[in-house]
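Comments concern the structure below.
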Amino acid sequence: MAPRFDYARLLVRDFGACYRFYREVVGLQPTLGTEEDNYAEFHTGASRISLFKAADMAAAVGGPVPPPEPGGDTCCLVFAVEDVDAAWAAMTAAGGRGVAGPIDRPDWDVRTAHLRDPDGRLIEINSRL
């Protein structure tokens, strides 16, 4: 039997700031943990995202905290929204750091906008064209 994908765990350096970002800027509902903890989970509708302090994960596997990736993104979290423009406006007004504002991407069949979380992780919001 093949393994079933369960959820994404983001290893974060600034736990409190990342927790607030996913709760207040993205608007996800926390289901476990608070911003004072070292682990939290957020319901995303179809799955969940968890946050875990990078230093605690490194300790659990017996290694050092990896440095940030030099020059370039290694992942992008993608969230489907009803209205990219409205979501972009709400997220940037709530303190989200915008990277690229709303734009139609006909080759992708979506309208997108991009932000960064407090650890610099790329976030995409999109809706079908």
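The values are calculated or read from the model by the stated rules, or taken from the named source; none is laboratory data. Keep in mind that this is a model prediction, so the values were computed, not measured. Every residue, glycine among them, receives a Cβ derived from its backbone with ideal geometry; neighbour counts consider all protein chains shown. The accessibility values were calculated without ligands, DNA or RNA, using every heavy atom of the protein model including side chains. Shrake-Rupley method; radii C 1.70, N 1.55, O 1.52, S 1.80 Å.
So here's what we get for this one:
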| read-out | value |
| --- | --- |
| Thr31 assigned to a loop (DSSP other than H, G, I, E, B) and surrounded by fewer than 17 Cβ atoms within 10 Å (Cβ to Cβ) | no |
| Segment 34-48, residues that are under 20 Å from Ala94 (Cα atoms), modelled with pLDDT of 95 or more and not in a loop (DSSP other than H, G, I, E, B) | Phe42 |
| Any hit, segment 64-71, residues being under 29 Å from Ser127 (Cα atoms) and not acidic (Asp, Glu) | yes |
| Answer from Leu10, Leu51 - the residue that is touching a Ser or Thr at 6+ places or on another chain (Cβ under 9 Å) and either open to solvent by 70 Å² or more (accessible area, probe 1.4 Å) or within 17 Å of Arg121 (Cα to Cα) (or both) | Leu10 |
| Strands (runs of 3 or more DSSP E) enclosed by segment 60-122 - at least 1 residues per element that are in contact (Cβ under 8 Å) with a residue 40 or more places away in the chain and of a type outside the set (Asp, Glu) | 76-80, 110-116 |
| Residues of segment 90-129 that turn out to be of a type in the set (A, V, I, L, M) and farther than 28 Å from Ser50 by Cβ, as a count | 2 |
| Output for segment 81-129, where each listed residue is closer than 15 Å to Arg20 by Cβ, in contact with a helix residue (DSSP H, G or I) (Cβ under 7 Å, 6 or more places away or on another chain) and open to solvent by 30 Å² or more (accessible area, probe 1.4 Å) | Ala94, Gly95, Pro118, Asp119 |
| Residue satisfying condition, being of a type in the set (A, V, I, L, M, F, W, C), open to solvent by 80 Å² or more (accessible area, probe 1.4 Å) and modelled with pLDDT under 90, within set Val78, Val61, Val65 | Val61 |
